[in-house]
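None of the figures in this text is laboratory data; all of them are computed from the coordinates on show. As the structure is a computational prediction, the values presented were derived from the model and not from experiment. Note that each Cβ is placed from the backbone with ideal geometry, even for glycine, and that neighbours are counted across all protein chains shown.
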Amino acid sequence: MRPLKVLVVDDTLANAKLVQSVVDRLGHRSFLAENGQRALELFETEQPDLVLMDVMMPVMDGISATRELRERLRAGKRWVPILLLSALDDISDIVRGLEAGADDYVVKPVNIQLLKAKIQNFTHQVEMQEQILQHTTELERWHAMAQQQSELGSHIMDRLINTEGLRNTLVSQFNIPAETFSGDLICAARTPDNILHLLLADATGHGLPAALTAIPIASAFYRMTEKGFPIASIAREMNLKLREFLPADRFVAATLAAINVNDQVVEVWNGGNPSALLIAENGALLKEWRSRHPPLGVLPAAAFSEQIEAIGYQEDCNLLICSDGLWEAENAEGRRIERDRILALFAATGREQHLAGLQALVQNHLAGAPALDDISGLLAWIPIERRSLPRVAAQPERSHLVHSGEWHLAVSYWAEELKSLDVVPALLDLICQVPVLKPHKGSLFIILSELYNNALDHGLLGLDSSLKAGGGFELYMQQREASLARLSEGRIDMSFWLHSTDNESVLDIKVSDTGPGFDYTRYLDEESLLKQTALPHGRGLALIRSLCSQLRYAGNGNQVIARYVL
Amino acid sequence: MQITTHSANNQTTLALNGRFDFHTHRDFRSAYEQALEDAATREVVIDLGGVDYLDSSALGMLLLLRERAESMGKTVSLTRMQGTVKQVLDVANFDKIFVMKG
């Protein structure tokens, strides 16, 4: 027990001395004020822990002084006990004193035993009060810190989410956070060949911890999408990153989707999230992508599966990806939102109303109750591409500067590497380190993807591209996967030659495979080529034609040379 | 949540009852630590029959248990999942991580 500072207020010196001696003998420190006015002054300068106050005093009496002291203390949100000393026949004074804010009283003449006991009691109370104050201060400090962290988390999440991809008019999103901000991450971005990548990630927990796990995920998503890696590889990379630095009990449920409007295909990787839904304009459910994998960050690299599920679509449709917060939100009766209600919403309203309708549905369901989990959703409208040619990455300004140097690169990939590597994004990354080629990344990606895919799919794997037409896309993908798994020999050679000719800088791209080739003469006259553009498999070739100044086949049709003018 | 421990034939069963969520952290941890420290225990079985709710932090706790058990050369299995508990485990594909015993 620490010694208290005790302010004794009394105008009669003999009384004051008596009280002070009691205080001093208990091990506390006392000091004297001879009236109420003086008590107020000393109270400010000495900051006592306890006040022993006489009632009848000149200048300012004890009742007035008590009232003034109590007001000051209340204003400062503090408490210091005030003990009144008063003659027994002044019972009305005592009542007034207690009403004025005194905590207790002792009648005069003072009984020393009683005074001792009361001082002891107040000593305990003062100690408890100090402890509570200390805890409160600590709690306030923690609260301020939590507030700061929450703001940091909110800032990070905003920065991660607020990017170009989501300004896409076909993509919309909503977010109803459980705390001040949501831990659900939503991202959208396009690959160089115009495939739209979407991500909805739901980390364990909310607030800053959730934001922390979102950082490596978002950066992998944007970085790899920009380079043109497929979602399966992006999922693998995210899993690896999270495994590296998250403790075992933290993970991230994630859905990755790729929308390819050229081929009319939607691909999804879903690990730990509720089903992604592909919904027709009439509300019919075209496809449900269930969670096929554990969440990201759980499995070691060797056990990770990048298996995706693809579907071809033949009509305008909507892709809906939601966090579990949506499906688990319970209304007052403990009921959840049924899927049929959401499908009905799509059937009943036009696409402009879908997002608002969904949000209203959730808000009505919750009916003002707070969300217990972050509720977020990502909605993409997928119209059938009606142009005969897909949009192409923006062309850079022709510089008219002839590249003075030359640059050459030749690479070969054998069967084992063809099975496992993302050849095009990796190669493009290398090519675009040549400064004059960098601005042409988008076009080069498209050209290289088409040429490489043709060499692999048709040259080495012998797949029939006419399968893709008429809704046979899944079958095509199955055959491709099976053939690729069986591939034991074969090679694809690619070479790149940057040089100048006829006052132009050009990049010659040559791709050849060890397959049997094909009768390329069929595709060479422009007339028959244009007829092919209505079909998914014919578009690729037409696209290359539109980007390159020359495209010619050689050998048995297993060699192709494209010239791109910078 | 209540946890009842039962050991037989090198197998320790932790039967959970009630809500399995963040607030269970300390109890669950001390229960499985105790089970794993027992040299006779080769396998820890988590009986979820009495669990009516399980959230993502519970999934995290199961993963922690699994990591701890593996480091000691012991195995973990889950049993008697039903209703929403089974749904949550299905969505997380925990059958690819844990042995599931009906």
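Here are some notes:
- Residue in segment B:27-48 that is over 15 Å from B:Phe98 (Cβ atoms), of a type in the set (Val, Ile, Thr) and part of a helix (DSSP H, G or I) present: no
- Among the residues listed as B:Leu36, B:Leu63, B:Leu48, B:Leu16, the single one being of a type outside the set (Phe, Trp, Tyr) and either within 14 Å of another protein chain (Cβ to nearest Cβ) or in contact (Cβ under 8 Å) with a residue 60 or more places away in the chain (or both): B:Leu63
- Residue ranges of strands (runs of 3 or more DSSP E) in segment A:228-318 with at least 2 members within 25 Å of A:Thr191 (Cα to Cα) and within 14 Å of chain B (Cβ to nearest Cβ): A:252-260, A:265-271, A:285-289
- Checking each residue in segment B:86-102 for being assigned to a loop (DSSP other than H, G, I, E, B) and either without any contact (Cβ under 8 Å) to a residue 24 or more places away in the chain or over 13 Å from the mean Cα position of the chain (by Cα) (or both) picks out B:Ala92, B:Asn93, B:Gly102.
Per-residue answers, yes or no, for (1) within 14 Å of chain A (Cβ to nearest Cβ); (2) out of contact with any helix residue (DSSP H, G or I) (no Cβ under 6 Å at 6 or more places or on another chain); (3) within 27 Å of A:Gly325 (Cα to Cα):
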{"residue": "B:Phe20", "(1), (2), (3)": "yes, no, yes"}
{"residue": "B:Arg68", "(1), (2), (3)": "yes, yes, no"}
{"residue": "B:Ser71", "(1), (2), (3)": "yes, yes, no"}
{"residue": "B:Leu78", "(1), (2), (3)": "yes, yes, yes"}
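- In segment A:189-218, of all residues being part of a strand (DSSP E or B) and free of Cβ contacts under 8 Å to residues at least 40 places away in the same chain, the one that is surrounded by the fewest Cβ atoms within 10 Å (Cβ to Cβ) corresponds to A:Arg190.
- Qualifying residue in segment B:64-86 (condition: within 19 Å of A:Gly205 (Cα to Cα) and surrounded by fewer than 20 Cβ atoms within 10 Å (Cβ to Cβ)): yes
- Test: A:Ile82 is of a type in the set (Val, Ile, Thr) and without any contact (Cβ under 8 Å) to a residue 40 or more places away in the chain: yes
- Subset of segment A:51-66 (residues that are surrounded by fewer than 17 Cβ atoms within 10 Å (Cβ to Cβ) and closer than 24 Å to A:Gln120 by Cα): none
- Counting residues in segment B:5-12 that are within 12 Å of chain A (Cβ to nearest Cβ) and at negative phi gives zero.
- Lone unmet requirement of (1) farther than 30 Å from A:Asp374 by Cβ; (2) surrounded by 18 or more Cβ atoms within 10 Å (Cβ to Cβ) for A:Gly153: (1)
- Strands (runs of 3 or more DSSP E) contained entirely in segment A:49-124, each with at least 2 residues that are of a type in the set (D, E, K, R) and within 18 Å of A:Ala39 (Cβ to Cβ): A:104-108
- Meets criteria (in contact (Cβ under 8 Å) with a residue 40 or more places away in the chain, of a type in the set (S, T, N, Q), under 12 Å from A:Ser172 (Cα atoms) and in contact with a strand residue (DSSP E or B) (Cβ under 8 Å, 6 or more places away or on another chain)) for A:Ser323: no
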